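Each value in this text was obtained by applying a stated rule to the coordinates, not by laboratory testing. Note that this is a predicted model, so its numbers are computed, not measured. Here the Cβ positions follow ideal geometry from the backbone for every residue, glycine too, while neighbour counts run over all protein chains shown.
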Amino acid sequence: MNTSNALRRGFVGGVAAALLFSALASSPVAAEEDPKARAQKLFFEGLTDIQAGNKQAGCTKLRESLSLFATPNTLFNVARCDEEEGRIAAAQEYWQRGLSLIDAKDPRAKVAKERIDALDARVPRLRVILPVGQAIGTLSLDGTELAPSRLEAPLRVEPGKHVIVVRAPGREDKRYEVDLAEKERTEVVAGPGPEVVPVEAPKPPPLASGSAEAPPPPAPASGRRTAGFVVGGVGLAGIVAAGITGGMLVARDGQITKDCNDDGVCRKGSEGYTLSQNSGPLLVGNTVAWGVGIAGIAAGLVLVLTAPSGKAGDAQGREASIAPLAVPGGGGLCISGRF
């Protein structure tokens with residue numbers, strides 16, 4: 001006779017009769033309010049569904065009944081559901097729990113022991129070993145945290161893949177994966193992950209000695225050089241203008257000397273007389289042109305020569321400024337500063 005068939009006939013028939021008697025003895029109101037009565041009702045309905053061929057619905061009701069109130073028959077039938085669905089480690093545990101609730105002379109004890117022994121040879125074993133001397137925060141198996149006492153003996157697990165995660169203070173999480181088949185035994189040395197390296201924020205550049213703030217960067221060298229070339233160009237234009245006006249004054253001076261005596265008295269109506277009367281503005285322009293030319297070229301040279309090269313401290317100690325200068329009969333540019 002097949003053990004599973006005998007189990008089905010023995011447990012289902014006997015338990016159904018007992019449950020039917022309990023249900024008849026209980027009032028409808030109590031069955032709705034009392035968890036124990038509700039568990040009995042679900043158990044009877046679950047067995048009925050299984051006998052009708054609807055195992056999925058029947059096993060679901062049996063597990064709900066077990067969550068409300070545990071009895072040996074509920075545990076045995078849930079174990080049978082798990083065994084048929086491939087959860088052999090859970091099935092063995094339910095058989096053992098049910099066996100602990102009955103007397104050794106109970107006829108169900110023999111069948112329960114047979115199932116426990118049969119499953120014991122099939123259930124995989126996984127032993128997790130912690131390295132000596134390494135502090136472990138938590139260790140979880142398939143998302144469930146395990147107490148250190150659970151690791152003293154090999155763990156009975158279901159066939160298939162399992163994930164171990166080790167967490168320790170100041171270290172990265174360490175993940176281990178293992179795939180076990182039926183009857184397979186193995187162990188995993190589960191140490192913590194590498195130390196977590198703290199990420200430091202970038203430090204600001206050091207401030208200059210004796211100052212609360214870092215000094216501003218020097219002005220680009222190209223700006224002062226450009227200004228020097230521009231001012232020098234103005235000065236060069238002044239020199240050219242001075243040369244032109246100077247030539248005009250020399251030409252006029254020859255004509256004035258021709259038409260005037262040694263005392264500078266010119267005949268009225270002569271060309272020399274007319275030129276002598278109109279030479280004043282030209283003489284002033286020539287003087288101003290010479291002043292602007294000389295000052296512009298000098299200022300341009302100063303700006304070019306004092307332009308910083310971009311190196312630290314190069315611009316310190318070199319300062320120059322240019323200002324217009326007016327003098328009687330002319331004008332120019334004034335350069336002041338330190339070098």
Which of the peptides 83-92, 180-189 is most tightly packed, and how do the rest follow, judged by the mean count of other Cβ atoms within 10 Å per residue?
83-92, 180-189
Over the range 124-199, consider all pairs of different Cα atoms and compute the Kirkwood hydrodynamic radius from their mean reciprocal separation; express it in Å, one decimal.
13.0
Take the alpha-carbon centre of the range 64-114, take the same for the range 131-192, and report the distance between them in whole Å.
27
Once the piece of chain linking Val284 and Leu101 is laid out straight, how much longer is it, given 0.36 nm per residue of separation minus the C-alpha distance between them?
52.9 nm
Share of antiparallel DSSP beta bridges in the range 59-211, in percent to the nearest 5?
75
May I ask you to compute the full-extension gain from Val132 to Thr257, defined as 0.36 nm times their residue separation minus their alpha-carbon distance, rounded to one decimal in nm?
33.0 nm
Electrostatic dipole magnitude of the range 76-208 [Cβ: Lys, Arg +1; Asp, Glu -1; Cα centre; debye, to 20]:
240
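Would you mind checking the pairs Lys36/Lys183; Lys61/Lys113; Lys55/Lys110; Lys61/Lys183; Lys113/Lys183 and listing those with alpha carbons more than 27 angstrom apart?
Where the Cα-Cα span goes over 27 Å, the pairs concerned are Lys36/Lys183; Lys61/Lys183.
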Could you calculate the contour length gain from Asp173 to Met248, that is, 0.36 nm times the residue separation minus the distance between their Cα atoms, to one decimal place in nm?
17.4 nm
